[in-house]
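The values are calculated or read from the model by the stated rules, or taken from the named source; none is laboratory data. Everything numeric in this text was worked out from a predicted model, so none of it was measured. Using ideal geometry, Cβ is built from the backbone for each residue, glycine included, and neighbour counts are taken over all protein chains shown. Protein only, heavy atoms only, side chains kept; ligands, DNA and RNA dropped before computing areas. Shrake-Rupley method; radii C 1.70, N 1.55, O 1.52, S 1.80 Å.
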Amino acid sequence: MLENLLVQGLSGLASASSLFLVASGLTVIFGVTRIVNFAHGSLYMLGAYLAWTLVTGLPRGHLGFWGGVLGAALIVGVVGVLIEVLLLRRIYKAPELFQLLATFGVVLIVQDVALLVWGPQDLLGPRAPGLRGATEVFSVRFPLYELFLISVGPVVLVLLWLLFHRTRWGTLVRAATADREMVGALGVNQRMLFTTVFFLGAFLAGLGGALQLPRESVNLQMDLAVIAEAFVVVVIGGLGSLPGAFLAALLLGQMQAFGILIFPKITLVLAFLVMAVVLVVRPHGLLGKAPSTQHAAGPVEPLLRPSPREVRLLGWGLLALAVAVPPFLGDYALIVLTEIAVMMLFAASLHFIMGPGGMASFGHAAYFGLGAYGAALLVKHFAAPMELGLLAAPFAAGLAGVVFGWFCVRLSGVYAAMLTLAFAQIAWSAAFQWTELTGGDNGVLGVWPSGWASDKLTFYYLALALCTGATLLLRRAIFSPFGYALRAGRDSPLRAEAIGMDGFRIRWFAFVLAAVAAGIAGGVFAYAKGSVFPTYMAIPRSVDALLMVLLGGVQTVSGPIVGALAYTWLHEQLMRLFELWRLFLGGVILALVLFFPQGLAGAIGRRGGRE
Amino acid sequence: MTLAVEGLRKAFGGVKAVDGVSLSVAAGELLALIGPNGAGKSTCFNMLNGQLRPDGGRVLLEGRDITGMAPRKVWRLGVGRTFQITATFASMTVRENVQMALVSHARGTFDFLGALADRHAPRAMELLARVGMDAQADRACGVLAYGDLKRVELAIALANDPRLLLMDEPTAGMAPAERVALMELTARIAREGRIAVLFTEHDMDVVFAHADRIVVLDRGKLIAEGAPADVRADPQVRAVYLGTGHTHGVGA
Amino acid sequence: MLLDLREVHAHYGRAHILQGVTLSVAPGEVLALLGRNGAGKSTTMKAIMGLVRPSGGEVRFEGTDLAGREPHEIARAGIGYVPEERRIFTELTVAENLSVGRRPPRAGLEPWSEARIFEIFPPLAAMRARAGGRMSGGEQQMLTIGRTLMGNPRLLLLDEPSEGLAPVIVERMADAILRLKREGLTVLLSEQNLHFARIVADRAAVLEKGRIRWEGAMDALMADDAARAEFLAV
């Protein structure tokens, strides 16, 4: 028994080392560029694939293996430089969510590129020469390679510490972390600085991936799997803190090693729960510090006004069309239109907390999915009618909003985004792993509308009424005293507090409102599809919502509606026409971020000469 | 006394930032709090408005103990504030900024179905007229000139009929003539409404021209208190703070 | 002339802040840029430094037009910038702050070293290893000037060096600037404090609404009550 625990502990340390390599790169890049690099997991995956190609292609032996590992890490470093120079350099001043989204675009592109180059099958690499055997540790046999990995983490930590505290480059990087513009004004070429930092971060990720070769197979799921863990590590440790990342990697490595013995199914939930608790107790992580005020002053949010008369007329015109035309359309068109109505409300609900609230959510799908499950589970377990299911949907989502929101609205910026992502992952894991209740991966089937609404056209009208009604209520709320109070907290928390407003309760209530609205959308969606799956709560669904909002423009009132229309249509077309739709979607995201930072509605508004 | 502070203390990591400060401000009086950087002015100020919890001592507002209360509770009891760097809601118009203070005062923040446009607009215009900003009521706060923003802040601070105004460096970043105008406006409003005003300030011209009384802090302790002329003549104040007077024109 | 601005324009978003600033700084002089808040003093400094990209005009330094260059290129050309908010690196020690500013020596100038900085600002010598965030406002002001001097500039831009400092510290700052001038440095400073400007500056230029409205000797400005009342409202 004791031996067993020891082996688990050691293998936890080995995992911690690999995790630290990825997380250290992520945290170093964040420290200087303030960008949370979603594509860091993709760099890790590329490291593993490239190492496989190099190691299997080069002659066998030490040179072939270690040369291949190092070569792969260097190539990934260069890929990182390309990403920095071609993409990130242009968006350093963009809002955090845009940056996160841009790097998510890279994730999509890398996924399809890796699929094209290396194919869909898992690849197995050779074992490390010289480290093939096992050794006895306290009379327990333990693989040598694992022991080697255990030593890699501390060595890299020490080397990085020396690099940052004992070299001029390191001093400059630390100075740039605090105030990039000032460093530039002192004669330092900060572009070069950023590029070299990105090289280092990408190199570490590539090395982390390459070193996995003898341990596990290389596959296309590595990127999102490792990035979720790396996020947890850097957030628990404190964004930008290397020792923090090291500590957190150790903690997480051990938790997974032993968690698997105790709760084999919920290790992921466990990790995210730890993160949620740490963030509430220490909002900037174990060793992180509150970010210093950056001097590149953010843009002043524009005056928010109700849409001009023409736009409102156009809106009513569209609604009239949405009511009048469908009787003449076929089933497929009705299904797409129903989906558009649902997505419009989903986008509007996210926009409510992102725009006026200024809160970043990377896990809004949780409330959409919980709405859907709220309805579906009533059907599955109690054979409830649709009317009851549609009532339960906002209730379930709202309840989750009350609980999750209480944590999330305490934080701001990327920390809040990470925490919302964490809660969405918890909800997703629960749906995925709690098979007895949710049916797991198979989902819940047979969630059909009541008899009177079973006709596609009738159900479309029902969806349109519910979704448009809720969207209009949300729009009304933006111009209500509450909507203004929400915006007040975003514009100046200091002033809001000084005129007696309770910022926490205001944001919390807004979060719950948004969750309720997303729940309605989810409930309607469940009955439209007739089934509910865990993917309703997965990261890509949250990204859908973000894309719709950003496509429409965050600081415009009609943005989410325009965004939902454009995105749902685009998505439908891409899925239908292209096998490599991820590549195209990634490209569209990058184009959006680079060329339409104000979103479509914003761009149209500007062209129209409106302030 | 509108505000009475007794033996206020605060230490950060063993360093005594504020060490037993007592002071008082009467209704309608302008009291200036001055001293070198790091003397404890901001710490003192932040304990009065609730941003910081004191380690010891008491803060009494019209006899009521408000020590350690959260800023928004302090505000509800009648303490208005302006900030060194103006803090207004940039995405709203000047009038909407004042309306929000009125909405909060009337506890109407959680109304999410009505429209703000119908809430307290006439009262907001009255307040703006008092500070001379009614003509710019429909402009966005984000595009106002700095001196005008300071006036808007004053109007916001007046929205809950305060008994006490706390002004952190009210004239920082303003031109000399604007400074005089703002302080004259403040003094008039304070006298008319019997509002006590406590302000910190680095511009000695402003301090000596507009304060009724001055309190000088150095290293967390109160080293002088009195009428402007007495404080100016105090040798200790000259040594630690005022210097020879060449750089501010109010010395010898 | 060491520095020549010709018809420099600059925008913040839609706001037209600098509307054709023309200004010259001669080698070895201290020129005070005066004007109300919002007149464009800080923006002029930032436009020279490349922190705000000029939307028109020329910024000639030693004969070369620097308009549109990156801040680090402008710093390397020999212009040192000390920002109004000081902006020291709070996590770095005093010594590290100074080392960030370090650049190679410049021909014809005695190179700056840590020791020479400590000579001008003695209080810094005793706190070499202290984190920048744990210094008083006056000490931070000394550090930010010292850090910029480490780049061996020919021209020093000081944005409101007396803002927010106690009068006794302001007096010390004036002494330091006069000493730098004696050592051959050229200084362009923006100021609101006329008393301070009178002590340190040889000449003055007054900005209003993004244009230079008055230029001449500092003494002449102090003698010209009408000009002071019109442009500076004192």
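Per-structure values
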read-out	value
Listing of helices (runs of 4 or more DSSP H) fully contained in segment A:112-194 that carry 3 or more residues being touching a residue at least 12 places away in the same chain (Cβ under 8 Å) and hydroxyl-bearing (Ser, Thr, Tyr)	none
Inter-residue pairs, beta-carbon under 6 Å, first among the hydroxyl-bearing types (Ser, Thr, Tyr) and in segment A:437-451, second open to solvent by less than 60 Å² (accessible area, probe 1.4 Å), 6+ apart	A:Thr438/A:Ala431; A:Ser450/A:Met386
Residue among C:Val168, C:Val206, C:Val187 that alone is within 14 Å of chain B (Cβ to nearest Cβ), open to solvent by less than 10 Å² (accessible area, probe 1.4 Å) and in contact with a helix residue (DSSP H, G or I) (Cβ under 7 Å, 6 or more places away or on another chain)	C:Val206
Lone qualifier among A:Val226, A:Val218 - being more than 14 Å from every other protein chain (Cβ to nearest Cβ), in contact with a strand residue (DSSP E or B) (Cβ under 7 Å, 6 or more places away or on another chain) and either in contact (Cβ under 8 Å) with a residue 24 or more places away in the chain or of a type in the set (Val, Ile, Thr) (or both)	A:Val218
Those residues of segment B:19-36 which are in contact with a helix residue (DSSP H, G or I) (Cβ under 7 Å, 6 or more places away or on another chain) and surrounded by fewer than 19 Cβ atoms within 10 Å (Cβ to Cβ), in sequence order	B:Gly28
Yes/no for A:Thr167 being closer than 29 Å to C:Ala47 by Cα, polar (S, T, N, Q), open to solvent by 20 Å² or more (accessible area, probe 1.4 Å) and assigned by TED's automatic domain parsing to the domain that holds A:Arg215	no
Residue, farthest from the chain's Cα centre (by Cα), within segment A:480-510, restricted to residues that are open to solvent by 10 Å² or more (accessible area, probe 1.4 Å) and more than 20 Å from B:Ile156 (Cβ to Cβ)	A:Arg505
Within segment C:159-229, helices (runs of 4 or more DSSP H) holding 3 or more residues that are within 24 Å of C:Arg87 (Cβ to Cβ)	C:167-182, C:194-200
Counted residues, segment A:102-117 - those being in contact with a Phe, Trp or Tyr (Cβ under 8 Å, 6 or more places away or on another chain), buried (at least 20 other Cβ atoms within 10 Å of the Cβ) and not small (Gly, Ala, Ser)	4
Residue satisfying all of: in segment B:165-185; surrounded by 24 or more Cβ atoms within 10 Å (Cβ to Cβ) and under 14 Å from the mean Cα position of the chain (by Cα); farthest from C:Glu163 (Cα to Cα) among these	B:Leu165
Test: C:Ile48 is in contact (Cβ under 8 Å) with a residue 60 or more places away in the chain, within 13 Å of another protein chain (Cβ to nearest Cβ) and over 28 Å from C:Asp219 (Cβ atoms)	no
Filter result (open to solvent by less than 40 Å² (accessible area, probe 1.4 Å), under 18 Å from the mean Cα position of the chain (by Cα) and more than 14 Å from chain B (Cβ to nearest Cβ)) within segment C:15-32	C:Leu18, C:Val21, C:Leu23, C:Ser24, C:Val25, C:Ala26, C:Gly28, C:Glu29, C:Val30, C:Leu31
All helices (runs of 4 or more DSSP H) inside segment A:479-569 with 3 or more residues being within 14 Å of chain B (Cβ to nearest Cβ) and either touching a residue at least 12 places away in the same chain (Cβ under 8 Å) or among the acidic types (Asp, Glu) (or both)	A:481-491, A:503-529
Filter pass, C:Arg86 being out of contact with any strand residue (DSSP E or B) (no Cβ under 7 Å at 6 or more places or on another chain) and in a loop (DSSP other than H, G, I, E, B)	yes
Output for segment A:583-608, where each listed residue is at pLDDT 80 or above and open to solvent by 80 Å² or more (accessible area, probe 1.4 Å)	A:Phe584, A:Phe595
Matching option when the condition is open to solvent by 10 Å² or more (accessible area, probe 1.4 Å), touching a strand residue (DSSP E or B) at 6+ places or on another chain (Cβ under 9 Å) and over 20 Å from C:Pro161 (Cα atoms), among C:Arg106, C:Arg60, C:Arg76	C:Arg60
Top-ranked residue of segment B:59-92 - restricted to ones that are of a type in the set (S, T, N, Q) and facing chain A (nearest Cβ under 7 Å), ranked as most open to solvent (accessible area, probe 1.4 Å)	B:Thr88
Residue under evaluation C:Glu91, criteria (1) among the charged types (D, E, K, R); (2) within 14 Å of chain A (Cβ to nearest Cβ); (3) in a helix (DSSP H, G or I), criterion not met	(3)
Only listed residue being within 14 Å of chain C (Cβ to nearest Cβ), over 22 Å from the mean Cα position of the chain (by Cα) and on the phi < 0 side of the Ramachandran plot, chosen from B:Ala140, B:Ala117, B:Ala135	B:Ala140
Residue in segment C:63-73 that is farthest from the other protein chains (Cβ to nearest Cβ), counting only those that are closer than 26 Å to A:Met192 by Cα and open to solvent by 40 Å² or more (accessible area, probe 1.4 Å)	C:Asp65
Residue under evaluation B:His246, criteria (1) more than 12 Å from every other protein chain (Cβ to nearest Cβ); (2) modelled with pLDDT under 90, criterion not met	(1)
Filtered residue count, segment A:433-474, keeping only those that are under 29 Å from A:Phe509 (Cα atoms) and open to solvent by 50 Å² or more (accessible area, probe 1.4 Å)	4
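Residue by residue, here is whether (1) of a type in the set (Val, Ile, Thr); (2) buried (at least 18 other Cβ atoms within 10 Å of the Cβ); (3) over 24 Å from A:Arg215 (Cα atoms); (4) in contact (Cβ under 8 Å) with a residue 24 or more places away in the chain holds:
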position: A:Ser11; (1), (2), (3), (4): no, yes, no, yes
position: A:Val28; (1), (2), (3), (4): yes, yes, yes, yes
position: A:Leu54; (1), (2), (3), (4): no, yes, no, no
position: A:Val69; (1), (2), (3), (4): yes, yes, no, yes
position: A:Ala73; (1), (2), (3), (4): no, yes, no, yes
position: A:Gly80; (1), (2), (3), (4): no, yes, yes, yes
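Per-residue answers, yes or no, for (1) within 22 Å of the chain's Cα centre (by Cα); (2) open to solvent by less than 10 Å² (accessible area, probe 1.4 Å):
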position	(1), (2)
B:Ala190	yes, yes
B:Arg194	yes, no
B:Glu201	yes, yes
B:Asp205	yes, no
B:Ala239	no, no
B:Thr244	no, no
B:Thr247	no, yes
